[in-house]
1. Just to be sure I understand the model, the point goes 7 Å from the Cα along the line to the Cβ. What's the resulting Lys109 to Tyr26 distance in nm?
2. For Lys88, go through the lysines and keep the ones whose alpha-carbon is under 25 Å away, minus same-chain ones fewer than eight residues off.
3. What ³J(HN,Hα) values, in whole Hz, does the Karplus curve 6.51 cos²θ - 1.76 cosθ + 1.60 give for the stretch 58-64 when θ = phi - 60°, with x put for Gly and Pro?
4. Looking at the P(r) of the stretch 6-116, how many percent of alpha-carbon pairs lie beyond 19 Å?
5. Of Tyr51, Asn76, Phe86, which is farthest on the positive side of the dipole of the stretch 1-90, counting Cα position, with +1 on Lys and Arg Cβ, -1 on Asp and Glu Cβ, and the Cα centre as origin?
Amino acid sequence: MHGKFLEEITMEDVLDIFYDSHLRKYTSLKKQGPNYTGLCIFHKERKPSFYIRPLKNDFVCYGCGIRGGPLILLANLSNNEDPFYFIKGKLKYEIKDFEKEQFEELLLKEQEKFGLRELFNVSLISSV
């Protein structure tokens, strides 16, 4: 298993996790040009407005306005599990436990970049 730094996690990694886990039951993603689209996993909708955009390394829902980068999306998909250990357990490469502090810093930077005050799932806030 090769290593990868946390700041190198991409939306392609998110897609790998999505297709290799139970997360598929929440929505199905379809390739549309360079992007993937599906029903938003953060609100109920009838027409797909949720996009994962690998080339921009982000996601966005044009229905509810939620957006962010790969760490934000993975942290929100972790439900009540500690986001760091959720991501560490799902990735196909090794992340060391000592990187937990770095993860928290990168997640905060990503939240600032996208203008987010907190993660979407309130129960995650105490975990980060």
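The numbers here are math on the coordinates, done by the rules we state, and not lab data. Remember, it's a predicted structure, so these values are computed and weren't measured experimentally. A quick note on method: Cβ atoms are made from the backbone with ideal geometry, for glycine too, and the neighbour counts reach across all protein chains shown.
1. 2.5 nm
2. Lys4, Lys25, Lys56, Lys96, Lys100, Lys109, Lys113
3. Working through the residues one at a time gives 8, 9, 7, 10, 7, x, 10 Hz.
4. On the way: 2560 of 6105 pairs.
Considering the stretch 6-116, 42 percent of its Cα-Cα pairs are separated by more than 19 Å.
5. Value computed over the given set: Tyr51.
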